[in-house]
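The values are calculated or read from the model by the stated rules, or taken from the named source; none is laboratory data. These figures come from a predicted structure and were not determined experimentally. Neighbour counts are summed over all protein chains in view; Cβ atoms, including those assigned to glycine, are modelled from backbone coordinates with ideal geometry.
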C-alpha cells in the first residue's frame, strides 16, 4: 500500500469537529470577485515567526507579492519536493495572477492566509478564536472567495 | 482545512476546499469540496505544470455556481505517488575518520548551497541551519551507539525538528544534483531513507530512542508512517 493511502486510511476514522449545518456565503460573479488563497501548509516568510509544533493555532498573513515562502507544517507524511520546486503546487499565487490578468477573476486579494494544519482533533481555538480573527482580516481586504489548500 | 471553510463562510467568504481526505470532508458538512486524489503535499496536483493547475482551479471555481450545498465533487484526474527512489549520486567517502553520515552531509554542502542560491529560500532551520547539519548527525550517531538521549541533548528532545532539517537539507541538495523535472511524490523521501547514510542513521536513531522509551509523540513524528 502506498504511504499516501496509509495516511488517508489513518485519517479517515479520526474524530472530527461536529458541524450540524452548512454555512453558505453567496459570492459575486467570479469575474468581479476578489480571491484569496487560504492554506493549512503553515507557509510563512523568513522574517515571520515560525509555526511551533503540533497545536500552534496562530496564523500568518502573506502579502500578494510574497514568493518562496517556508513550508512550516510539522507533519513528515507528505511530499515536500514539489513545493520546493514550484510553490504553485501548494500556493497557486501565480495562477491567480494569470486569472486576474485575463479577467477570469475580479482581483487577487492583497493578502493571503496560512495556518498550520497540524492541530489537535477538536480544533476549537482555530474555530472560535484565531480562525474568525483571520477571516475578519480577509473580509476587511474585500475578499469574496477563498481557495483552501491543505498538504 | 474544513474547519476554516466553516469559519470563512460564517464571515461571508465563499470557499472551495481542495480536499485530500475525502472521508474527513464528507463528515464535516463543508460547503464546497473538490476532492483531489493527488499525492499528499501537492494539492494542485502537478508542479511546474500551469495547465494542470489551471484545470484544478477552474473545477474549483465551477463549484461556486452551485445554488446550495453541501457540494462534493471528485476531480476526474487522479495523480499517484511514485515511491521508487530518486536517481541521485552521492558524494564519495572523503574523510574516513568521521562517521559516514557526517562525511556524506559535508559532501553535499556545495549542492545545497547552489539550491538555496537558486531558490532564494530554504526549508532548513527549524532546529539547526546548514552549518549545523553534520553536527546534528554526529549527535544522532551517539544515540545509535547507545548513549541516552538526555546525555546527548539534555532535558529537551527536539528530534522532530532535527529530523526535518536533515531531510530538508538532503532533499534540497538532491533536487539540485538530480536536475531535470521534479521527481514524483515520495521519490525524494525514498531516496533519503533507502540510499543515504543520513537516512539510515536517522532511522537507527529513532529505533534507539524508542528503545530508550523516549516520548512516543516525538519518535512517531520523526519519520513518515511506514518507515
Filtering strands (runs of 3 or more DSSP E) wholly in region A:34-151 for at least 2 residues that are more than 7 Å from chain B (Cβ to nearest Cβ) and within 24 Å of residue B:164 (Cβ to Cβ) gives A:34-39, A:60-63, A:111-114
Kindly indicate whether any position in region B:126-144 is closer than 25 Å to residue B:215 by Cα, touching a residue at least 60 places away in the same chain (Cβ under 8 Å) and not in a helix (DSSP H, G or I).
no
**Message:** So for region B:48-64 (the condition being surrounded by fewer than 21 Cβ atoms within 10 Å (Cβ to Cβ), free of Cβ contacts under 8 Å to residues at least 12 places away in the same chain and more than 23 Å from residue A:33 (Cα to Cα)), does at least one residue qualify?
**Reply:** yes
_Tell me yes or no: at least one residue of region B:86-98 is more than 23 Å from residue B:139 (Cβ to Cβ), within 9 Å of chain A (Cβ to nearest Cβ), part of a helix (DSSP H, G or I) and touching a helix residue (DSSP H, G or I) at 6+ places or on another chain (Cβ under 9 Å)._
no
Reported set for region A:11-33 where residues are more than 7 Å from every other protein chain (Cβ to nearest Cβ) and outside any loop (DSSP other than H, G, I, E, B) is A:31, A:32
Next item on the list: Would you check if residue B:146 is over 21 Å from residue A:77 (Cβ atoms) and surrounded by fewer than 17 Cβ atoms within 10 Å (Cβ to Cβ)?
Entry: yes
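How many residues does region B:45-66 hold that are assigned to a loop (DSSP other than H, G, I, E, B) and more than 17 Å from residue A:91 (Cα to Cα)? Give the derivation first.
Within region B:45-66, the subset assigned to a loop (DSSP other than H, G, I, E, B) is B:45-49, B:66.
Now narrow it down to the ones that are more than 17 Å from residue A:91 (Cα to Cα): B:66.
Residues meeting the conditions: 1.
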*So residue B:5, is it closer than 22 Å to residue A:135 by Cβ, in a helix (DSSP H, G or I) and more than 7 Å from chain A (Cβ to nearest Cβ)*: no
> In region B:194-211, is there at least one residue being over 20 Å from the mean Cα position of the chain (by Cα), more than 20 Å from residue B:106 (Cα to Cα), more than 13 Å from chain A (Cβ to nearest Cβ) and surrounded by 19 or more Cβ atoms within 10 Å (Cβ to Cβ)?
Replying inline: yes
Within region B:181-193, restricting to residues that are assigned to a loop (DSSP other than H, G, I, E, B) and at the interface with another protein chain (Cβ under 7 Å from one of its Cβ atoms), the one that is surrounded by the most Cβ atoms within 10 Å (Cβ to Cβ) is B:185
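Mind checking whether some residue in region B:161-175 is more than 14 Å from chain A (Cβ to nearest Cβ), assigned to a helix (DSSP H, G or I) and out of contact with any helix residue (DSSP H, G or I) (no Cβ under 9 Å at 6 or more places or on another chain)?
Among the residues of region B:161-175, not one is more than 14 Å from chain A (Cβ to nearest Cβ), assigned to a helix (DSSP H, G or I) and out of contact with any helix residue (DSSP H, G or I) (no Cβ under 9 Å at 6 or more places or on another chain), which makes the answer no.
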Checked region B:21-44 for anything at the interface with chain A (Cβ under 7 Å from one of its Cβ atoms) and either farther than 29 Å from residue A:142 by Cβ or assigned to a helix (DSSP H, G or I) (or both); matches are B:21, B:23, B:24, B:27, B:39, B:40, B:41, B:42
By residue number, the members of region B:20-55 that are touching a strand residue (DSSP E or B) at 6+ places or on another chain (Cβ under 7 Å) and modelled with pLDDT under 95 are B:22, B:25, B:26, B:30
